[in-house]
Amino acid sequence: MEPLMAVVIGILYATAIYMMLRRSIVKLVIGLMLLSNAANLLIFTSAGMTRGAPPLIPEGASEPLRQVADPLPQALVLTAIVIAFGVLSFAVVLIRRAYEIVKADDLDKMKDTDT
Amino acid sequence: MQLAVLGGFVLAAFAPLLHRWFGERAGLVMAILPAGLALWLFGQLPSVVAGDTLVFEYAWMPGLDITLTFLLDGLSLLFALLISVIGVFVLVYAGGYLKGHQDLARFHVVLVAFMMSMLGLVLADNLVAMFVFWELTSITSYLLIGFNHNDPEARKSALQGLFVTVGGGMALMAGLVMLANAGNSWSLQELITRGDALRQHELYLPMLLCLLGGAFTKSAQFPFHFWLPNAMAAPTPVSAYLHSATMVKAGIYLMARLHPALGGTESWTLILSLFGALTMVTGAFLALRHTGIKQVLAYSTVMALGTLTMLLGIGTQEALIAFATFLLAHSLYKGALFMVAGILDHETGTKDIAAMGGLRKAMPITMVCAVVAALSLGGIIPMLGFIGKELMLESVLHAERLNGLLLMMSLAAAIMTMAAAAIVALRPFFGSWKDTPRSPHEGPVSMLAGPATLATLSLLFGLLPSWVSPLVMATASSVEGSAVDSYLALWHGVNLPLILSLISLAVGLLIYRHWERWRDWQGRLDPILNRGPEACYFLLMNLIVVVSEWQTRMLQNGYIRNYLVMTLLVLVGLTSHALVYRHDLVLDVSLDVRAHEALVAGLMVAGAVTACIMRSRLASVAAVGTMGFCIALTFVLFSAPDLGITQMLVETLTVILLILVLFRLPRFATLSTPLERVRDVVVALATGGLITVLILAVISGEQLPSISDYMVANSVPEGHGHNIVNVILVDFRALDTLGEIFVLALAAIGVYAMLRFHADEYDAAKQRLPHEEYLDG
Amino acid sequence: MVKSGTLILSVAARLLMPLQLLFSLFLLLRGHDEPGGGFIAGLVAAGAFALYLFAYGLTATRAMLRVSPRDLVGLGLFLGVLSTLPAWWNDQAFFTAQWWTIPLIDYKFSTPLIFDIGVYLVVLGSVLTAVVALVENDPD
């Protein structure tokens, strides 16, 4: 599965970067969403993918009965998903405020507003 | 012990509350903490004097070998006592000096925080902890120098002090890391026992230079001496505390602390004694150039700091005893003199000595304090300062290297210091009466308590040196690294140092008589002095501004795309170079895919690509949503139920968020030319391809042992949890999670602030200008 | 824009909301042993309030929430930091987990649980802060 996922993640990165290079600010937000998802998958895939062995220990046992998926990248990705949501909400509100003030959705026209 | 210091920071945070409860008396209430600490420290005196080193250990982060261990030996006890005792008087004094000042609460917050940082600095055993406290003193002192932040001079001086000391702090950090590596320990206790290995280490010289960079900047050694007199922009209680008794001695403390580990080599002796002597003469010389009472005192502090450094450089047992005595004497008289300067400034309304005269009738108590303290500064019998100066001359005389040169410089400094002492103690009080902006009268009790006590101690310790002798010897022992068995005495009989003292007294008074002429003569040197180190500092600052303007114009041109393309091209270029030339690229592409998994993967790609080519916002968002749910499915299929649930929930909330925001945003527009789009596609594909190759390289390469085996094995026995992911999040790696929820909270506060600010601003603007829509501008 | 929803949404929200909140608490408390935990539970609870917000509007949601969502963030961070401290008592390193058994009900109480509740409150509070601020800010 991993080689297939490698290709999928590569495509996700490419689409994310393409969208982030657009001048329209809303497309930038879409690109950001794609990028955070792609990055999460990257971490998840790089650790190796295991079918049907979640990192849970059965009741009464003190260790997993068989080999389970690596829990550490899962913990990393879990917080990353939630933080990506926080960052996304920050980004969209920032862009919305910028749009209200500059009245332009072209990033190239936004570059001089601080002068 | 740790609790007392950390509790002090909590106390600092509560200072505004204390002000609400106790009003003007809050300073007195807060003085209870340092007073209690001082009493406790006195209680430890007997065992420290007996040669014990008291250790208070707390393993802060054992995994990183960072402990919060406090160490109490002679050196740190002397410093801790000075900090807490003078701290009490400064808190009391500040209550009088800044009486009625609107920002008194802020002053107390920073002052107490500073006090605790300083205590932490002299007590810490771990290098990292010490460095943290070191930087804290820089930051709090910045806030104190710039206390009168409406005054541009104060802001400039504060920034200068910060730049110089923090710049030195960086050198110090490098030095500490080298020290820890060379000595294979982060603990000062252990390092000072490994002196021989450290002195022979190949990195000895760079390490020494870096550490001295930190110490010299902090302790205002030549050529970094210029920030200290400028720091006199601070309120006088601060000057009395930071710039005489405590902070500027942090560098001295560091050098003394490291003396057993690094001292005694050729380079140590030469650098410290030469730069120390140079600082000493520069300070004493410049002290006579100024008429501002605080400037004169500040330069005489520079002189004292130079003397201390020089004594550490000489490094004989005699010199170290002189060091400890001089250190104690200086803190006492300089604290007293600065407080006297504050009383004069407070009561007369001027800081210019030339504008004062004949104040002895109006302020008799102040005058007595000033004269007693100045006698100690001038090194006149029977003060503690006299003992210090005699010992200093004695040890310079016996110095192994350069003793002729050092003796000349010491004599010159002693003469000019004598003159400076006369200037601050005699000028304002004697001679004919001069009218000052305010009609002067005696200062309040709160302001007199400090100088009176400190001046009395200077006299008392001089008359009865046996009282301080044990503490001084304990201090000298810690600096020496082995027990020093000696005692202090006031009278050594008629010998060469005494004769030199008499010469300096006579010549110093002569200069004092002709001070105006002397200043005129010194004024002629101004063109040269103005090209000194301070000019270099300003040159450097301007250079930084010019360079950063240039590089901003070149690189920060404001187009996000350019930054992104540049970053990505560098990334792709360097990584592929490394992959091809440094790495035997073996890609394992054996596929083991089931039909439903392939379907999910296909949908993911379809979602992402659709999001790119759709012309409507809604369709794009829907496509990203599809992709998100497919990712959630992938997580579930590949053994990550927690991730699947989280992803699903976040996708739902994202939809809510975007509904609320997205449709307030503009529609998609095609803004770029086809050529630009081709360029972007190429960059995007190159990056995506690189990522694919990277992942393949990672999964086909050699597998390193996973660090999560420990977590899997200990989840139930240690963490008492069956869901290993959750145990990692809230137990094994909880510190990371703590950081992450702070990030989340910050993002939410940022969102709130952006939206809230907008609403308020809009309403306020509407109220102010009901007819004009100036917001569009 | 968000004032009140359709009848179906209102009824659904009224029925679902308590269930969702209960479910979020269940996820939170069992999180140490089964899938769940502070992050997930916080998101579920935030979803519940968001649903209520869409169905009944801002004023009703505020009344129901009683406290400002920002206070939830603050409380959560406070609990998170608080859970680092009990290790001091037993002279252990900062943040070492501490476990106590409450005698009568035989329930295991611990600093990781306090920490997880902190995470729960921060996630819930952050999402709600953003959503409420956005709804408030809507000019309609």
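Remarks
- In region B:163-193, of all residues being in contact with an Asp or Glu (Cβ under 6 Å, 6 or more places away or on another chain) and among the small types (G, A, S), the one that is surrounded by the most Cβ atoms within 10 Å (Cβ to Cβ) corresponds to B:G169.
Rundown of residues vs (1) facing another protein chain (nearest Cβ under 8 Å); (2) at pLDDT 90 or above; (3) farther than 28 Å from C:G36 by Cα, yes/no style:
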position: B:L653; (1), (2), (3): yes, yes, no
position: B:A684; (1), (2), (3): yes, yes, yes
position: B:G688; (1), (2), (3): yes, yes, yes
position: B:L704; (1), (2), (3): no, no, yes
position: B:A713; (1), (2), (3): yes, no, no
position: B:V716; (1), (2), (3): yes, no, no
position: B:N726; (1), (2), (3): yes, yes, no
position: B:L755; (1), (2), (3): yes, no, yes
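- Checked against (1) at the interface with another protein chain (Cβ under 7 Å from one of its Cβ atoms); (2) modelled with pLDDT of 80 or more, A:L65 passes all but condition (1).
- Residues of region A:35-60 satisfying the condition of being at positive phi and within 7 Å of chain B (Cβ to nearest Cβ): A:G48, A:G52
- Within region B:591-607, the only residue that satisfies the criterion of being more than 7 Å from chain A (Cβ to nearest Cβ) and outside any helix (DSSP H, G or I) is B:R594.
- The set of residues from region B:608-639 being in contact (Cβ under 8 Å) with a residue 40 or more places away in the chain, in a loop (DSSP other than H, G, I, E, B) and small (G, A, S) comprises just one member, B:S616.
- Any chance B:R517 is within 25 Å of B:D345 (Cα to Cα) and at pLDDT 85 or above: no
- In region B:572-590, residue farthest from the other protein chains (Cβ to nearest Cβ) [restricted to those that are part of a helix (DSSP H, G or I) and exposed (fewer than 14 other Cβ atoms within 10 Å of the Cβ)]: B:Y581
- Just one residue in the set B:T291, B:T301 is modelled with pLDDT of 90 or more, in the same structural domain as B:H330 (by the TED database) and farther than 22 Å from B:T193 by Cα; that residue is B:T301.
- Among the criteria (1) hydroxyl-bearing (S, T, Y); (2) under 20 Å from B:F323 (Cβ atoms); (3) part of a helix (DSSP H, G or I), the one B:S486 does not fulfil is (3).
- On inspection, B:L564 passes the criterion of being at the interface with chain A (Cβ under 10 Å from one of its Cβ atoms) and touching a helix residue (DSSP H, G or I) at 6+ places or on another chain (Cβ under 7 Å).
- Test: residue in region A:102-113 that is farther than 30 Å from B:F668 by Cβ, more than 7 Å from chain B (Cβ to nearest Cβ), modelled with pLDDT under 90 and not in a helix (DSSP H, G or I): no
- For region C:114-140, filtered to residues that are more than 8 Å from every other protein chain (Cβ to nearest Cβ) and in contact (Cβ under 8 Å) with a residue 40 or more places away in the chain, the residue that is farthest from C:D71 (Cα to Cα) is C:D140.
- Of everything listed in (1) free of Cβ contacts under 8 Å to residues at least 12 places away in the same chain; (2) part of a loop (DSSP other than H, G, I, E, B); (3) of a type in the set (A, V, I, L, M, F, W, C), the single unmet condition for C:A97 is (1).
- Per-region count, region C:95-109, residues surrounded by 14 or more Cβ atoms within 10 Å (Cβ to Cβ) and more than 7 Å from chain B (Cβ to nearest Cβ): 2
- In region C:1-94, counting only helices (runs of 4 or more DSSP H) that sit wholly within it, the ones holding 2 or more residues that are within 13 Å of chain B (Cβ to nearest Cβ), among the aromatic types (F, W, Y) and touching a residue at least 24 places away in the same chain (Cβ under 8 Å) span C:38-65.
- Here A:L72 passes the criteria (1) under 16 Å from B:I707 (Cβ atoms); (2) more than 7 Å from chain B (Cβ to nearest Cβ) except the one numbered (2).
- With respect to (1) assigned to a helix (DSSP H, G or I); (2) free of Cβ contacts under 8 Å to residues at least 24 places away in the same chain, the lone exception for B:L500 is condition (2).
- All positions within region A:75-87 that are farther than 18 Å from B:I728 by Cα and at the interface with chain B (Cβ under 7 Å from one of its Cβ atoms): A:F85, A:G86, A:V87
So that you can scan it fast, the table gives a plain yes or no per residue for (1) of a type in the set (D, E, K, R); (2) more than 30 Å from B:T291 (Cβ to Cβ):
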{"site": "B:L332", "(1), (2)": "no, no"}
{"site": "B:G349", "(1), (2)": "no, no"}
{"site": "B:D352", "(1), (2)": "yes, no"}
{"site": "B:T366", "(1), (2)": "no, no"}
{"site": "B:A373", "(1), (2)": "no, no"}
{"site": "B:I380", "(1), (2)": "no, no"}
{"site": "B:I387", "(1), (2)": "no, yes"}
{"site": "B:L393", "(1), (2)": "no, no"}
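The values are calculated or read from the model by the stated rules, or taken from the named source; none is laboratory data. Note that the structure is a prediction, hence the values are computed from the model and not measured. A quick note on method: Cβ atoms are made from the backbone with ideal geometry, for glycine too, and the neighbour counts reach across all protein chains shown.
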